[in-house]
Amino acid sequence: GFGAGVAAERESGERELKRLSPMPAGVHIAAKLVAALGASAVATALIYLLAVLAGVGHTPVQWSMLMLVHAVSVVPFSLLGLAIGYRFGQKAAVAIANAAFLGMAALGGLWMPVSALPEVVQSMAWALPSYHLGELALMTIGMADPAHAWLHMGPLLLITAAAAVLARTGQERDAA
């Protein structure tokens, strides 16, 4: 949604007005990330409340660690959404983001275990933030071996850095 919002700002001329303000470079992206984290925190808290009411029995430490993984997950996806929003019009940004994020959910093992997918898809999953975040979430609730967390944190950091570069270069391209 944040990428489509940026595309709408570009199309309406609002981005041009913001560029003329004395706002330092990168603040727009940081502000969008903070907004995404806030909206995500509210939605996640409601989902957790429903889970507790439904009888999900995680420990307080597991809930806390799961909340951390979910908060961290906002960053790469928001940056990818912003990168799309800086490069495409509003309607195209919505379509591209939906296709990209649904594809990442399916291919990253969020709907079914990656091990149940064809071998070529299993290999592709390693390039997707959804796969690594899903594995980290499973580790927090004891459904995967936490000794292998570094195998997911490293690629996730690289993917997030790449998404940040894409968002920043999209913003610079938009400013030109």
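The values are calculated or read from the model by the stated rules, or taken from the named source; none is laboratory data. The structure displayed is predicted, hence computed values, not measured ones. As a convention, Cβ positions derive from the backbone with ideal geometry for all residues, glycine included, and neighbour counts pool all protein chains shown. Surface areas here come from the heavy atoms of the whole protein model, side chains and all, with no ligands, DNA or RNA. Shrake-Rupley method; radii C 1.70, N 1.55, O 1.52, S 1.80 Å.
Residue by residue, here is whether (1) part of a helix (DSSP H, G or I); (2) in contact with a helix residue (DSSP H, G or I) (Cβ under 9 Å, 6 or more places away or on another chain); (3) touching a residue at least 24 places away in the same chain (Cβ under 8 Å); (4) among the polar types (S, T, N, Q) holds:
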{"residue": "Tyr86", "(1), (2), (3), (4)": "yes, yes, yes, no"}
{"residue": "Leu102", "(1), (2), (3), (4)": "yes, no, no, no"}
{"residue": "Met112", "(1), (2), (3), (4)": "no, yes, no, no"}
{"residue": "His132", "(1), (2), (3), (4)": "yes, yes, yes, no"}
{"residue": "Ala163", "(1), (2), (3), (4)": "yes, yes, yes, no"}
Please determine whether any residue of region 90-98 is assigned to a loop (DSSP other than H, G, I, E, B), open to solvent by 30 Å² or more (accessible area, probe 1.4 Å), in contact (Cβ under 8 Å) with a residue 24 or more places away in the chain and of a type in the set (Val, Ile, Thr). no
Only one of these conditions is not met by Ala144: (1) at pLDDT 95 or above; (2) part of a loop (DSSP other than H, G, I, E, B). Which number is it? (1)
When region 129-158 is examined, which residues are found to be under 23 Å from Ala83 (Cβ atoms) and either among the small types (Gly, Ala, Ser) or open to solvent by less than 30 Å² (accessible area, probe 1.4 Å) (or both)? Pro129, Ser130, Tyr131, His132, Leu133, Gly134, Leu136, His152, Gly154, Leu156
Residue count, region 4-34, condition surrounded by 14 or more Cβ atoms within 10 Å (Cβ to Cβ) and under 19 Å from His70 (Cα atoms), comes to 2
